[in-house]
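Colleague: This is the structure, below, for whatever I ask next.
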Amino acid sequence: MRRFSGKTVVITGGNRGIGFAVAERFASEGARLVIASVEPQVEDAAARLREAGAQAVGMVCDVTDRAAVMALYDRAEEEFGSVDISMQNAGIITIAKVEDLTEDMWDATMAVNTKGVFLCCQEAIRRMRKSGRGGRLINTASGQARDGFIFTPHYAASKMGVVGITQSLAKEVALENITVNAICPGIIHSDMWDYNDRIWGAMLGDYAPGALMAEWIETKIPMKRAGTGADVAGLVTFLASEDAAYITGQTINVDGGLIMS
Ligand code: NDP
């Protein structure tokens, strides 16, 4: 079954990590993809999707730049005629003790993780409303939207903000066949988690690379494994599907049981 034939999906942070895994899954189910990231390597990632048989374009877009975000959604409409599903997934993290956390770190994190999610939702909703076709928005929050981890108050605040955006917009568009939901990945294999493992590992003890992740998997995750992009893609494609038509304003964990609230 190809659940997303004829649908256009925009994914920010779609060139690698969780975003690319989600793009691959949508592509395998017939969707047309527009993936975005700050680095031009996004074109290579789109080429990989095309080689696998998908209709896909890559576009450089800094989600903190409103004009660039508008251009991204313009491009999706120009290439494929509509925007049906939009995953606001671009994100950054830094880790620092409270005295070392600079205003620049705070501002950059809020700009990408929170304002960037809002700007993309705004453009996606504008186009979904205009088309009258409804749509699906999925915002990438984090386990840190549930429970702030140590040394990352700015990241936790930015992801809790994503939940607020999700709930508020879900109420505004509820009568327009547009749903807005958030996902909370736990510990997922990616470049970001490699950074987390290294920096938290150094700050929380003398951990060798991979050792902190191994300890947390063993002691904190009931399913005793880290997640994969494919695990996240399963949830995202469900939320984007017709089966999730009556689910909106929700924040759903995908974390092997790491957080149960
Ligand atoms: P990666 O670091 O592997 O990828 C981050 C992605 O975000 C890249 O595609 C990057 O693009 C893009 N990006 C960063 N800044 C911008 C920007 N200003 N404009 C556009 N794109 C940008 O991270 P993950 O795949 O692990 O994370 C994806 C999302 O999941 C993030 O929101 C993250 O916070 C969240 N998350 C991840 C968890 C994990 O364990 N991995 C856990 C919980 C949440 P480029 O390649 O061009 O830099």
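The values are calculated or read from the model by the stated rules, or taken from the named source; none is laboratory data. All figures in this text were calculated on a predicted structure; none of them were measured in a lab. Cβ: placed from backbone, ideal geometry, glycine included. Neighbour counts: every protein chain shown. When the accessible area is computed, the model is the full protein with side chains, heavy atoms only, and any ligands, DNA or RNA have been set aside. Shrake-Rupley method; radii C 1.70, N 1.55, O 1.52, S 1.80 Å.
Colleague: Under 5 Å between amide H atoms, partner at least 5 residues away or on a different chain: which partners does ILE188 have, H built in plane at 1.01 Å?
Modeller: Here the answer is GLY227, since their amide H atoms fall under 5 Å of that of ILE188.
Colleague: Here's another thing I want to ask about it. Based on alpha-carbon centroids, what's the gap between the range 23-51 and the range 214-261 in Å, whole number please?
Modeller: One Cα centre to the other: 22 Å.
Colleague: Quick check: net charge around GLU29, other residues with Cβ under 15 Å of its Cβ, Lys/Arg +1 and Asp/Glu -1?
Modeller: Numbers: positive: ARG2, ARG3, LYS7, ARG25, ARG32, ARG136; negative: GLU24, ASP84, GLU242, ASP243.
Charge balance near GLU29 sits at +2.
Colleague: Highest GNM mean-square fluctuation, the chain, Cα pairs closer than 10 Å: which of LEU33, LEU239, LEU175?
Modeller: Looking only at LEU33, LEU239, LEU175, the largest GNM fluctuation is found for LEU175.
Colleague: Let me ask another. When only the heavy atoms of the protein chains count and the probe is 1.4 Å, how do ASP147, ASP206 rank by accessible area, highest first?
Modeller: Values: ASP147 85, ASP206 160 Å².
Correct descending sequence by accessible area is ASP206, ASP147.
Colleague: When the solvent-accessible surface of protein heavy atoms is calculated with a 1.4 angstrom probe, in what order do THR102, THR166, THR94 fall, highest first? Numbers along the way, then the final one.
Modeller: On the way: THR102 65, THR166 0, THR94 40 Å².
From most accessible down to least: THR102, THR94, THR166.
Colleague: Shifting gears a bit: For LYS7, which sequence-distant residues (separation of 5 or more, or a different chain) have an amide H within less than 5 Å of its own amide H, given hydrogens modelled in the peptide plane?
Modeller: ARG32
Colleague: Moving to a separate point now. How far apart, in nanometres, would the label points at GLN55 and ALA208 be if each is projected 7 angstrom from Cα along the Cα-to-Cβ direction?
Modeller: Here the answer is 5.1 nm between the modelled labels.
Colleague: Ok, one more. In nanometres, what is the gap between the two model label sites at ASP104 and ARG75, each 7 Å from Cα along Cα-to-Cβ?
Modeller: With each label placed 7 Å out from Cα toward Cβ, I get 2.7 nm.
Colleague: What is the projected area of the convex hull of the Cα atoms of the range 10-112, averaged over all directions, in nm²?
Modeller: On the way: hull surface 27.2 nm².
For the range 10-112, the mean projected area of the Cα convex hull comes to 6.8 nm².
Colleague: How large is ³J(HN,Hα), in whole Hz, for each residue of the range 39-46 in order, when computed from phi with the Karplus curve 6.51 cos²θ - 1.76 cosθ + 1.60 and θ = phi - 60°, using x for Gly and Pro?
Modeller: So the J values, rounded to whole Hz, are 8, x, 4, 4, 5, 5, 5, 5.
Colleague: How long is the gain from SER5 to ASP243 if the chain were fully straight, where each residue apart is worth 0.36 nm and the alpha carbon distance is subtracted?
Modeller: On the way: separation 238, 0.36 × 238 = 85.68 nm, distance 1.52 nm.
Net length gain for the segment: 84.2 nm.
Colleague: Using a 10 angstrom cutoff on alpha carbons, build the Gaussian network for the chain and name the most mobile of GLY201, GLY132, GLY19.
Modeller: GLY132
Colleague: All other residues with a Cβ under 14 Å from the Cβ of LYS159 taken together, and with Lys, Arg as +1 and Asp, Glu as -1, what is their net charge?
Modeller: On the way: positive: LYS115, ARG146; negative: ASP147, ASP255.
Cβ neighbours under 14 Å give a net charge of 0.
Colleague: Could you order HIS189, HIS154 by accessible surface area, starting with the largest, using a probe radius of 1.4 Å? Each step should come with its number before you reach the end.
Modeller: On the way: HIS189 105, HIS154 0 Å².
Largest to smallest exposure gives the sequence HIS189, HIS154.
Colleague: Can you work out the accessible area per residue across the range 49-164, with the rest of the protein chains kept in place, probe 1.4 Å, in square angstrom?
Modeller: Working: 4800 Å² over 116 residues.
With the other protein chains kept in place, the range 49-164 gives 41 Å² per residue.
Colleague: Related question: Might you work out the accessible area of TYR195 for me, using a 1.4 Å probe with all protein chains in place, and round it to the nearest 10 Å²?
Modeller: Result for TYR195: roughly 60 Å² accessible.
Colleague: Between helix 153-173 and the chain, what is the angle of the helix's C-alpha long axis to the longest principal axis, kept within 0 to 90° and rounded to the nearest 10?
Modeller: For helix 153-173, the angle is close to 30 degrees.
Colleague: If you count only protein heavy atoms and use a 1.4 Å probe, how large is the accessible surface of MET70, to the nearest 10 Å²?
Modeller: Accessible area of MET70: about 70 Å².
Colleague: Given points 7 Å out from each Cα along the Cα-Cβ axis, report the ASP191 to MET260 separation in nanometres with one decimal.
Modeller: 3.6 nm
Colleague: Follow-up question, since we're still on this one. Counting pairs on different chains as well as pairs 8 or more places apart, how many Lys pairs in the chain have Cα atoms under 23 Å apart?
Modeller: For the chain, qualifying lysine pairs total 9.
Colleague: Sticking with this one: Taking just the alpha carbons, could you work out the radius of gyration and Dmax for the range 107-261, both in angstroms?
Modeller: 16.7, 56
Colleague: From Cα pairs below 8 angstrom and at least 6 apart in sequence, can you work out the relative contact order of the chain, rounded to a whole percent? Write down the numbers at each step before the final one.
Modeller: Numbers: 519 pairs, mean separation 49.0, N = 261.
Averaging sequence separation for qualifying contacts and normalising by length gives 19 percent for the chain.
Colleague: Follow-up question, since we're still on this one. Residues of the range 48-86 with the amide nitrogen closer than 14 Å to a label point 7 Å from the Cα of GLU39, along Cα-to-Cβ, please.
Modeller: 60-61
Colleague: Between ASN139 and residues 5 or more places away or on another chain, which pairs have amide H atoms under 5 Å apart, with H built 1.01 Å from N, and which residues are they?
Modeller: Long-range HN contacts for ASN139: GLN88, ASN181, ALA182, ILE183.
Colleague: May I have the convex hull volume per residue, in Å³, for the Cα set of the range 151-231? Show your work: numbers first, answer last.
Modeller: Working: hull volume 9.4 nm³, N = 81.
Residue-normalised Cα hull volume stands at 116 Å³.
Colleague: With all pairs of different alpha carbon atoms counted, what Kirkwood hydrodynamic radius in Å does the chain show?
Modeller: Numbers: mean 1/r = 0.0544 Å⁻¹.
After inverting the pairwise mean of 1/r, the radius is 18.4 Å.
Colleague: Tell me, what % of the accessible area of the chain is carbon and sulfur with a 1.4 angstrom probe?
Modeller: Summing carbon and sulfur atoms, their accessible area is 53 percent of the total for the chain.
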